[in-house]
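For reference, the structure is listed below as structure tokens.
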Amino acid sequence: MNYVVQEWLNLVFRWIHVFAGIMWVGATYYFTWLDRRFHSTDPEQVWMVHSGGFYVVNKTKKPSAEHTLHWFKYEALLTWISGTLLLVLVYYMGGLLVAEQNYKVALAVGIATLLVGWKVYDLLWLSPLPEPVLIVISYAAVVTLAWWLPHVMSPRAAYMHVGALMGTIMAANVWERIIPAQKKMVAAVREGREPDQRLADRAKFRSKHNTYLVIPVVLIMMNAHFPTVTNGYDWKMLALFILAGWGAAHVIRKH
């Protein structure tokens, strides 16, 4: 590919990726904050002021079939698509995937990491294991992956694939778990049935996961610009990044 064309595509994809991510993550954390208010300081209504207007929000478990529902899903799709295009452009086509490793092996592993990684995560969190055990298993799995990937691809590419896996999990949570559950609830309302609260709880649980995953993902994206400060692309540093991100998300969710 022509270098100038590649540079322009890189710029456009990054622009779209960052802005779509802002819209997606911003909406996710806004609703996290809103839900927190209903469970703490404002149990009945949440009053807000913004850009010269006053807003009041009521929470209901059974929306009216007559009102228009506003969905928040395409931000996630656009973020994932633009991020995947960047991964292909910069790493699969841009020469940063391997150092001395086999390109075809690294390419196969990279794609498998995203596809298989989502499925392993999904099945794991659908299992009846208690949440603390699942957290430990998930963390151990991602740290093991971060340790192993540099054996088949460059350390920088390995870092980015761990971040891409987390981003893929986030987008798949929206499109495979959250949106389908919400559609079933909406269908129940339109048919005059009571929505299944278990669907709401499952969707909210996966949304909670996304608020934890996004902070280390953003840090991984930034790491390429500060390799010296962050000790290069050391898997042990990445393990600390993930813990720090999850800790920050826990604090944010409580306020």
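Taking the Cα atoms of the stretch 41-85, the ratio Rg/Rh between the radius of gyration and the Kirkwood radius comes to 1.14.
Across the chain, counting alpha-carbon atoms alone, Rg and Dmax equal 20.1, 62 Å.
Inverting the mean 1/r over all pairs of different Cα atoms, compute the Kirkwood radius of the stretch 1-113 and quote it in Å. Let's see the in-between values first.
On the way: mean 1/r = 0.0558 Å⁻¹.
Its Kirkwood hydrodynamic radius stands at 17.9 Å.
Taking N as the residue count of the stretch 84-160, its C-alpha radius of gyration divided by 2.2 N^0.38 Å amounts to 1.24. Protein heavy-atom surface of the chain, 1.4 angstrom probe: 68% of the accessible area is carbon and sulfur, with nucleic acids and ligands not counted.
By the Cα gyration tensor, the stretch 134-188 has an equivalent ellipsoid whose semi-axes, rounded to whole angstrom, run 32, 13, 6 from largest to smallest.
Given +1 at the Cβ of Lys and Arg, -1 at the Cβ of Asp and Glu and no other charges, the dipole of the chain around its Cα centre is 420 debye to the nearest 20.
Ranking M153, A181, Y139 by Cα position along the charge dipole of the stretch 132-220, where only Lys, Arg, Asp and Glu carry charges on their C-beta atoms, puts A181 farthest toward the positive end.
Each Lys and Arg contributes +1 and each Asp and Glu -1, all at the Cβ; summed about the Cα centre of the stretch 95-214, the dipole is approximately 260 debye.
Please compute the per residue accessible area over the stretch 134-253 with all protein chains in place, 1.4 Å probe, rounded to a whole number of Å².
Numbers: 5790 Å² over 120 residues.
Accessible area per residue: 48 Å².
Close amide-amide hydrogen proximity is noted between G94 and no other residue 5 or more places distant or on a separate chain, at a cut-off under 5 Å (H modeled in the peptide plane; Pro and chain starts excluded). For the stretch 1-67, the per residue solvent-accessible surface stands at 77 Å², with DNA, RNA and ligands left out and a 1.4 Å probe.
Could you sort the peptides 164-170, 105-111 by per-residue average Cβ neighbour count (10 Å cutoff), highest mean leading?
Values: 164-170: 24.3, 105-111: 17.4.
Going by the mean number of other Cβ atoms within 10 Å, highest first, we get 164-170, 105-111.
By how many nm would the segment from A200 to F54 lengthen if fully extended, with 0.36 nm per residue of separation less the alpha-carbon distance? The partial results should precede the final answer.
On the way: separation 146, 0.36 × 146 = 52.56 nm, distance 2.83 nm.
Going from the current span to full extension adds 49.7 nm.
Each 5 Å bin from 0 upward holds the following percent of the Cα-Cα pairs of the stretch 191-255: 3, 16, 19, 16, 13, 10, 7, 6, 4, 3, 2, 1.
Per the Cα gyration tensor, the stretch 1-58 maps to an equivalent ellipsoid with semi-axes of 40, 12, 5 Å, ordered largest to smallest. Within the chain, the selection of entire DSSP H helices by a Cα span of 30 Å or greater along the long axis and an average Kyte-Doolittle value of at least -0.5 returns 3-38, 103-126, 197-223. Taking the charge dipole of the chain about its Cα centre, with +1 at Lys and Arg Cβ atoms and -1 at Asp and Glu Cβ atoms, the residue from G26, H70, L86 reaching farthest to the positive side is H70. Using a cutoff of 8 angstrom between alpha carbon atoms and counting only pairs six or more residues apart, the relative contact order for the stretch 37-181 works out to 27 percent.
Extension gain K119-H250, at 0.36 nm per residue separation less the Cα-Cα distance, in nm?
On the way: separation 131, 0.36 × 131 = 47.16 nm, distance 2.49 nm.
Length difference between fully extended and current span is 44.7 nm.
The values are calculated or read from the model by the stated rules, or taken from the named source; none is laboratory data. Predicted, not measured: the structure shown is a model, and the values here were computed from it. Every residue, glycine as well, gets a Cβ built from its backbone with ideal geometry; the counts of neighbours run over all protein chains shown. With ligands, DNA and RNA removed, areas are computed over all heavy atoms of the protein, side chains included. Shrake-Rupley method; radii C 1.70, N 1.55, O 1.52, S 1.80 Å.
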